[in-house]
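Okay, structure first, notes after.
The values are calculated or read from the model by the stated rules, or taken from the named source; none is laboratory data. Just so you know, these numbers come straight off a predicted model, no measurement behind them. No Cβ is skipped: glycine too gets one built from the backbone with ideal geometry, and neighbour counts run over all protein chains shown.
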Amino acid sequence: MSSSGKLVAAGLASLLGLACSHAQRGKAETALAKALISDQQESQLGVQVKQQLEQEQHVKYLQDPAVVGFVKGITDKILPLAEKERPGVKWQVHVIDDPKTVNAFATPGGYLYVYSGLLLAADTPAEVAGVLSHEAGHVVARHSARQMVDAMGLEAVAALALGKNPSALSQVVAGAGGKGLMLANSREDETEADEYGARFASGAGYDPRGLITFFQKLEKLEGQQPGFAKFLSDHPPTPDRVSHLEQYIAANHLAGAGGRDPGDLPAVKAKIPKAPASAPPGGGPGS
């Protein structure tokens, strides 16, 4: 890091120490993560996590053109909007072959993963778009990098910013990758990703309430379908969270009516194997 970069990072570290509200601290953490953790480091960590998912959890990806094409048809509309918010991310989208797990997650470097079980659980393309937009929001907001900065502690961050402990960051990055799975996101991170998700879904022409209806449906069916448990634990649909998202959509006049009808989704579901090629433990990193 250059001398000017160190001064900026040191200033941000000081601001982080003074930040009192969640919003102020979040902004300080994001700026500090951007200053300390490069896009290249995030991308390398994303590659490492992908390798561990494949080698240790033995995940398999669906290759059916209809299923993959359906998902990428949605992300092709969403990700250009995410690119405007955070340029330079090399996005990759993968459909994990596991019909029993209802989940999706993002890892550093722009890797988006959705389980085939989530596609089976969704009723409309708008619900799938809402979930994928939410996951893209985690990447745009640098939540994984913020977790790493937060894990270091304020004193270590300040020392690193001043160049006193240059190996600290590489140790934290290596440690995060070594765990294979990133930490679960905080409630504040989930709320921020919800807001990004509503904006991205609406901007892509989808009904921004898709994520809300998906939450509500899974919450209503909780206990009846074991595969829903992981999604609900990673994305707790608390009344406050749903209410906040509804208020955010209204306050920001987010329109979009696309994807309310099933469309091609039933035909896509028919292409999804009801038994996975392998049986990896469901879940993935904190979503």
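Scanning region 128-147 for residues that are farther than 13 Å from PHE105 by Cβ, modelled with pLDDT under 90 and surrounded by 24 or more Cβ atoms within 10 Å (Cβ to Cβ) turns up ALA145, ARG146.
Quick grid of which residues meet (1) aromatic (Phe, Trp, Tyr); (2) modelled with pLDDT under 95; (3) in a strand (DSSP E or B):
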residue	(1), (2), (3)
SER43	no, yes, no
LEU53	no, yes, no
VAL67	no, no, no
PHE70	yes, no, no
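Restricting region 72-95 to residues that are touching a helix residue (DSSP H, G or I) at 6+ places or on another chain (Cβ under 9 Å) and part of a loop (DSSP other than H, G, I, E, B), the residue that is nearest to LYS60 (Cα to Cα) is TRP91.
Scanning region 55-65 for residues that are outside any loop (DSSP other than H, G, I, E, B) and over 11 Å from VAL268 (Cβ atoms), we see that the one that is modelled with the highest pLDDT is TYR61. The C-beta contact set for region 82-101 (first residue more than 16 Å from VAL67 (Cβ to Cβ), second residue among the acidic types (Asp, Glu), distance under 6 angstrom, 6+ apart or interchain) comprises GLY88/ASP39.
I'd like to know if region 206-224 contains one or more residues that are within 27 Å of GLY73 (Cβ to Cβ), at pLDDT below 60 and either in a loop (DSSP other than H, G, I, E, B) or in contact with a Pro (Cβ under 6 Å, 6 or more places away or on another chain) (or both).
Scanning region 206-224 turns up no residue that is within 27 Å of GLY73 (Cβ to Cβ), at pLDDT below 60 and either in a loop (DSSP other than H, G, I, E, B) or in contact with a Pro (Cβ under 6 Å, 6 or more places away or on another chain) (or both).
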